[in-house]
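These notes concern the structure reproduced below.
The values are calculated or read from the model by the stated rules, or taken from the named source; none is laboratory data. It should be emphasised that the depicted structure is a prediction, and the values quoted were computed from it without experimental measurement. With ideal geometry, Cβ positions are generated from the backbone for all residues, glycine too; neighbour counts draw on all protein chains shown.
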Amino acid sequence: MELAIAEIAAAGAHHVEPAFIRGYVDFDEGMFTGTKAVKLRRTAGNAGLRINAVSAHLDLSGPDAVDALSRRIAFAGGLGASFLITNAGPMMNRAIIRRTIDVVLPRLERANIVLALENPGHGHGDLLGSAQLGASFIREIGSRHVRLNHDAGNVFTYSGETLQPAQDIAAAIDTVGHAHLKDIVSTGAGWAFCAVGDGSVGYGPYWAILPATLPVSIELPLRLERPQRHDPQRRNTPVDIATIRSALQRSLHFVSSLEIAQSRDFRTTTVPNPRPRGTT
């Protein structure tokens, strides 16, 4: 984690989003303590980085979901984060997921944290299988503390390349509180994760439709692979630092170029002083 934070700061980012996602990294529930949150926040701060969001996925319909989510809310608060990002769970368990959120909603309100529910990148039958489905669920809850985290890359893979993120998000903009940017190269052998801007995800139209103040994070799961478009698998050997560094720098440059182009378009139309969105 210390090396990751140092590299992200050196690349020129201003924020870092810690991620605790099974299959991506190894961790246990003992990670989500106040002491460890303070240590991680201090490490990021010493590198000049702030933490606006943390990903800590779980199935909100699981038997221990309320306790696990409560731990994550406290952990996010200790990090100084405004967003806690997680998956939701299967559509068939919609009522259970809703009850879990209803129970923890007062904790979210007291901590002033937004629970941002993320659309999945693989599988089927998910409650958040599309932004339209997710938006319906968010509107039903009716709280500013529960929003969508729209993952652009996940839209592309979950739909089997039939949907681009701009198409997916169009009818759900009012329910999106945060977004993830990741990219995928589509080949005959399957899908490979890559620097944002190097792959098959259509980011030009997507960026044009995103609200200017929406916080976004760059996600680079370069160690994962999806042969024949199957579920993500983590390679046994880590990716070398030089490769990660190059992908991170290219991604930051690409997102900055999108922002500059969009700001230029705004200036020539109706918005004299566009506000930059936050990028992690």
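Quick look at the values:
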| item | result |
| --- | --- |
| Lone qualifier among Asn112, Asn93, Asn119 - being in contact (Cβ under 8 Å) with a residue 12 or more places away in the chain, at positive phi and polar (S, T, N, Q) | Asn112 |
| Val16 touching a Leu at 6+ places or on another chain (Cβ under 6 Å) and not polar (S, T, N, Q) | yes |
| Per-region count, region 49-85, residues among the polar types (S, T, N, Q), surrounded by 19 or more Cβ atoms within 10 Å (Cβ to Cβ) and either over 19 Å from the mean Cα position of the chain (by Cα) or part of a helix (DSSP H, G or I) (or both) | 1 |
| So Ser251, is it free of Cβ contacts under 8 Å to residues at least 24 places away in the same chain and either buried (at least 16 other Cβ atoms within 10 Å of the Cβ) or under 21 Å from Ile169 (Cβ atoms) (or both) | no |
| Looking only at region 20-52, and only at residues there that are under 15 Å from Ala4 (Cβ atoms) and touching a Pro at 6+ places or on another chain (Cβ under 9 Å), the one that is modelled with the lowest pLDDT | Tyr24 |
| Region 1-22 residues that are within 15 Å of Glu118 (Cβ to Cβ), paired with ones that are at pLDDT below 95 and among the aromatic types (Phe, Trp, Tyr) (beta carbon under 8 Å, 6 or more apart) | Phe20/Phe27 |
| Among the candidates Arg98, Arg107, Arg42, residue that is in contact with a helix residue (DSSP H, G or I) (Cβ under 6 Å, 6 or more places away or on another chain) and among the charged types (D, E, K, R) | Arg107 |
| Candidates Arg139, Arg147, Arg98 - the one that is in contact with a strand residue (DSSP E or B) (Cβ under 6 Å, 6 or more places away or on another chain) and either at pLDDT 95 or above or crowded, with 22+ Cβ neighbours inside 10 Å (or both) | Arg147 |
| All positions within region 191-232 that are of a type in the set (Ser, Thr, Tyr) and not in a strand (DSSP E or B) | Ser200, Tyr203, Tyr206, Thr213 |
| From Phe27, Phe20, residue being surrounded by 14 or more Cβ atoms within 10 Å (Cβ to Cβ), out of contact with any Gly (no Cβ under 9 Å at 6 or more places or on another chain) and either within 25 Å of Ile96 (Cβ to Cβ) or not aromatic (Phe, Trp, Tyr) (or both) | Phe20 |
| Condition met for Ala88 (in contact with a Phe, Trp or Tyr (Cβ under 9 Å, 6 or more places away or on another chain), in contact (Cβ under 8 Å) with a residue 12 or more places away in the chain, surrounded by 19 or more Cβ atoms within 10 Å (Cβ to Cβ) and part of a loop (DSSP other than H, G, I, E, B)) | yes |
| Single residue of region 173-206 satisfying the filter (among the hydrophobic types (A, V, I, L, M, F, W, C), surrounded by 21 or more Cβ atoms within 10 Å (Cβ to Cβ) and closer than 20 Å to Gly129 by Cα) that is farthest from the chain's Cα centre (by Cα) | Trp191 |
